[in-house]
Each structure stands twice: as structure tokens, then as C-alpha cells.
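What follows is a short report on a single structure.
FYI, it's all coordinate maths here, none of it is from the lab. Every value quoted in this text rests on a predicted model; they were computed, and no experiment measured them. Using ideal geometry, Cβ is built from the backbone for each residue, glycine included, and neighbour counts are taken over all protein chains shown.
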Amino acid sequence: MTQEQFGTANKHSESTQWQDTHTVHFVGIGGMALSAIARILLQRGFQVSGSDSQTSSYIDDLRILGATISEGHNALNVQNADLVIYSAAIRMDNPEIIESKRLGIPIIRRSEAISALLSDKERSITVSGTHGKTTTTALISTILAKEGRNPSYLIGTKVPDLHGNARWGSGKDIVVEADEFDSAFLQYRPDVAVLTHLEADHLDYFGSPDRIEHEFCEFVSNLDSESKIITRKGIPMLDRVVQSAKAQVITYGTSGDWQLHWEGYNDGQSVFEIHPPSAPKRSVRLSLPGLHNAINAVAAIATCNNLGMEIGNCIEHLATFSGLERRFQIKSSTNGITIVDDYAHHPTEIMETIRAARELHQGRVWAVFQPHLRSRTVDLFADFLTAFNYADRVTITEIFSPQGRENTEPITGAELAKAIDHRNCDFAQTIDEASELISQEAEPGDLIVVMGAGDITNLTDKLIVWLAAV
């Protein structure tokens, strides 16, 4: 086997990528993407080893499934590997990468591995965009699974209805959350490409919004006329991107081919109508709150209908969808105080999450946010200042800056908290300080939304323990 066998996934290409591969080693196996790939390869009968500098629940799950995982990186870890897959966070001076090169072991990026998985299935569906791709991927995968299609999928978080974040099914479809960071999605040539949103993000990698738009144009241009693009209408960058498409373009949103009409909430569920093209309007109920999630649901219904499923069946399957980990996940409702855990880390996501909480909840909404990356905080600083307008109270913690991801930027969480345009905003240096503040000042009737892409989720566990002891 040579590294060249792991190229760009072409539709219906021959499944030769894993030939002569028995043992696969993952460098950075605890991350979301690599853990999902590792889970799939375990299900396919490969021997899997890996290493990571930090532990995670994904590592625990993989060990139960039979993976051998080392704490820390060491050249000895790759001795028995036929193939090495590494995450976007791994640098080329990693000792396992260096040793793999010395031994002549093929080394590929996570995007190349996903590309190989896509080409192993008869039909591929990718979901890309600045916001909503995890939820939309989960919804599409759930509909397919409940319909009995037995899909394969790689999703950016755990989905209780699907018992995890990845699976290799016997059906012909594979659904993949196609991340744009590191230009990963340019490796893929899906049969159906879902585009959920597009605006400035990951500027530490892309450098400018223009480059983001350029790469999405390249992705779209690479799809042939037999492909389909299902894209949200009314997002300026996406509207421009799809103009270069040879593939069939199907639009959705509050306007477009598949139109949504928001109605509100009933018994805690989102209620809205969809107007499909050339079909009667339908009413939809969804456990996920907010207009933004209703739009994600319309994307999923439109996608699955274009995969041959009846609209009514799609709606029925979504009605029983129980949610996703860290997507407006209610972790506790004790002594009149509700704790919600959410992954929102971009200003647009923060605003939509708090807006949904405000519409759904009658009492006070307290937003607790851990900024993710100093570079993102600097790049989107002005947008952060108004992202919390729907909250009654705001607490900002210190910025989460993962090792090796960025150079130090001259910004702190305290500076952001001071600049935020809000009547009641404070700063807590650490998660422990935030926990102490909340335990002293939270009141019955509060809904506390804990947000961020770092380790801020640990705060929800502390708050659950505190509430149980009150």
C-alpha cells in the first residue's frame, strides 16, 4: 500500500484504500474526528492503536471497543502500524510522525482517511458550513437510521439516538460532517453536499473571509452535474458560492425551494411549517429549540427527500429526536434552576442560542461563556460585544487556547468581559471561580447556559453536584 492510494474521494470509486492494512495508529486519537474514524475502523475489523496527550470520554469508549491507546506521544507507539493517521492539531515534529517517516509507514491526514471512507460507499452526503453542520449531520443520519437505511456516519458529537458519533452501517449511504478547517472538505466529492451557513471563522487558518469563500467555491466547482447541492438561501456568501456550481442546486430556509415558517413553541418543542416544492405544507415538531435548529431540520428533510424518502416519514422521525450532546443539552433541572450545556463559540451561535433560551424560558437567562482561541476572540471581537444581548446576566471566563493551535494574541477574557455591551456582565478567571459565583448568586427560576468549545463543559458537572447538595 502506498500513500498515493489515499487521494481525493471520487463517487463510486473502487474500494482499494485499505488494502494490506491491518493495524492503524492514530496520533491525536482523543479528538472528535479521529475518534470517529477509529470507531469505524474498529467496527470494520481493523486493529486500532492511538495516542493522545489528554484523556477524553471518546478515548474511554474506544478502549472498551478494543483500541490500544497510550497516554502521550512516543516513537515506540507506531512500531506495529501499517498506516498512521494524524489530526489537524498534530505538528510534523511529533515523535510518532518522525518515526513513521523513518520506518516508511504511510502517513495521512484525517481528511484523507475520511475521503477513503466516503469512496467505500455507494452514495455519500457531506454537510459543511460555519454553523449548524453537526446538528444537520445528526438529523440526516437519524432520519436514515430510523427509516431502516442502516447508514454510515461521522458526526461532530455524540448523538444518543445513534448511540455515539460514528458507525459503519451496511446501507449504501454515508453521511459526514465535512469540516472546512485545514481545508479538509476539499478532499471530498460527495453525491449530495449540504451547505448550512457561511461567514467569517477560522481566520487563524484562512486569514480572511475572502479565502473562506474562495475555498467553498472550489469545493462546489469540483462537484459534477450529477451531484446535488442543498444550500441555505439568503446567506450572502453561500448565495455567491453556488453561482459557480455545475451540480443541481436546491435551496432552503425562510425563503427558497424548501421554505420554513416559524410558529413558536408548544410543550417545550419547536413548532414550524415547511413548504416543500410542489407538495402541500407540513407541520413539524422538534425537540431542539430555536429558529436556527428549525432551519437545520428543514435542511435534513430536504436532503432525505432527495435521497428518496417520503416527507411525512422524515417529519415523523424528527418528532422523536432526543437531541445531541452539548447542543442545548439540558443537564439538570433541580431546585428550580436549569443547567444547559452548549457548544456555541462563534458570536452568531452565541446569539442564536441565547435567543432560543430567552424565547423558551420565562425566568432569568444567565449566559456563561468561555471564549475559544485568542485569535478568534481578536478577529471577531466587535461581534462578541453584542452577542449576549438576549441574556439577563453574562459571565465570561478566561480564553481557552489549546496548546499548539495558535500563537499568543494580546487579549484576555477579562478584556472581553469589560468591553461587552451589557448591563450585567462579569468575569470569572477559572471554571472554579465561575462555579463559586453561580452557587452564591443563582436563584430559583434561572436558566444557566454554559457555552464554549473548550473545557467549559466541566462547569456543568460542578453545577450538577452543587445543585444536588443544596
Item to check | Extended-chain gain in nm, criterion 0.36 nm per residue less alpha-carbon gap, Gln43 and Arg240 | outcome: 66.9 nm
Checklist outcome for this item: Of the candidates Ser111, Thr386, Pro160, the farthest towards the positive dipole end of the chain (Lys/Arg Cβ +1, Asp/Glu Cβ -1, centred on the Cα centre) is Pro160
Checklist outcome for this item: A chain fully extended from Asp461 to Gln440 at 0.36 nm per residue, minus the present Cα-Cα distance, gains in nm 5.9 nm
Item to check | Equivalent ellipsoid dimensions for segment 110-229 as semi-axes, Å, which come from the Cα gyration tensor, largest first | outcome: 24, 16, 12
Checklist entry - If you take every DSSP beta bridge whose two residues both sit in segment 343-428, what share of them, in percent to the nearest 5, is antiparallel? => result 0 percent
Checklist outcome for this item: Farthest towards the positive end of the dipole of the chain, among Asn305, Ser128, Asn424 and with Cβ unit charges of +1 on Lys and Arg and -1 on Asp and Glu, lies the Cα of Asn305
Checklist entry - Rounded, prolate or oblate: which one fits segment 329-469, using the alpha carbon gyration tensor with axes a ≥ b ≥ c (rounded when a/c is under 1.5, else prolate when a/b beats b/c, else oblate)? => result prolate
Checklist entry - Spin-label point model (7 Å from Cα, Cβ direction): what's the Ala279 to Lys101 distance in nm? => result 5.2 nm
Next on the checklist: Taking only the Cα atoms of segment 245-350, how large is their convex hull per residue, in Å³?
Outcome noted: 135 Å³
Next on the checklist: Suppose we look only past 31 Å in the calculated P(r) of segment 121-319. What percent of the Cα-Cα pairs does that tail hold?
Outcome noted: 13 percent
Checklist entry - Between rounded, prolate and oblate, where does segment 3-109 land on the alpha carbon gyration tensor, with a ≥ b ≥ c its root eigenvalues, rounded for a/c under 1.5, else prolate if a/b exceeds b/c? => result oblate
Checklist entry - For Asp182 and Ser255, FRET efficiency with R0 = 41 Å and r from the beta-carbon atoms, rounded to 0.05? => result 0.80
Item to check | Along each principal axis, Cα extent of segment 259-412, largest first, Å | outcome: 54, 39, 24
Checklist outcome for this item: The whole-number value in µm²/s of the Stokes-Einstein translational diffusion coefficient for the chain, with Rh from the Kirkwood sum over alpha carbon pairs at 25 °C and 0.890 mPa s, is 107 µm²/s
Next on the checklist: Could you tell me the relative contact order of segment 121-319? Use alpha-carbon pairs under 8 Å, at least six residues apart, and round to a whole percent.
Outcome noted: 20 percent
Checklist entry - Which residues' amide hydrogens lie under 5 Å from the amide hydrogen of Lys331, considering only partners 5 or more residues apart or on another chain, with H built in the peptide plane? => result Ile339, Val340, Asp341
Checklist entry - For Glu433 and Arg91 in the same chain, what is the full-extension length gain: residue separation times 0.36 nm, less their Cα-Cα distance, in nm? => result 119.8 nm
Checklist entry - What value, in deg cm²/dmol to 500, does the helix sum -39500 (n - 2.57) over DSSP H runs of n ≥ 4 give at 222 nm once divided by the residues of the chain? => result -9500 deg cm²/dmol
Item to check | Over the chain, relative contact order from alpha-carbon pairs under 8 Å, at least 6 apart, % | outcome: 11 percent
Item to check | Approximate spin-label separation Asp61-Ala319, in nm, with each point projected 7 Å along Cα-to-Cβ | outcome: 2.9 nm
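Which shape class applies to segment 192-295: rounded if a/c is under 1.5, otherwise prolate when a/b exceeds b/c and oblate if not, where a ≥ b ≥ c are the square roots of the Cα gyration tensor eigenvalues?
oblate
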Checklist entry - How about segment 381-470: which GluC sites (Glu not before Pro) there lie in a loop by DSSP and see at most 16 other Cβ atoms within 10 Å? => result Glu406
Checklist entry - What does the charge dipole of the chain about its Cα centre add up to, to the nearest 20 debye, if the Cβ of each Lys and Arg holds +1 and the Cβ of each Asp and Glu holds -1? => result 1000 debye
Checklist entry - In nm, to one decimal, how far is the modelled label at Ala469 from the one at Ser170, with both set 7 Å along Cα→Cβ? => result 5.0 nm
Checklist entry - If you find the alpha carbon centre of segment 440-458 and of segment 104-180, how far apart are they in angstrom? => result 30 Å
Item to check | Förster radius 56 Å - calculated FRET efficiency between Asn335 and Arg211, Cβ distance, rounded to 0.05 | outcome: 0.70
Next on the checklist: I'd like the antiparallel share, as a percent to the nearest 5, of DSSP beta bridges with both residues in the chain.
Outcome noted: 25 percent
Checklist entry - When the Cα centres of segment 339-411 and segment 273-287 are compared, how far apart do they sit, in Å? => result 32 Å
Checklist entry - Nearest 20 debye, what's the magnitude of the dipole of segment 121-319 about its Cα centre given +1 on Lys and Arg Cβ and -1 on Asp and Glu Cβ? => result 520 debye
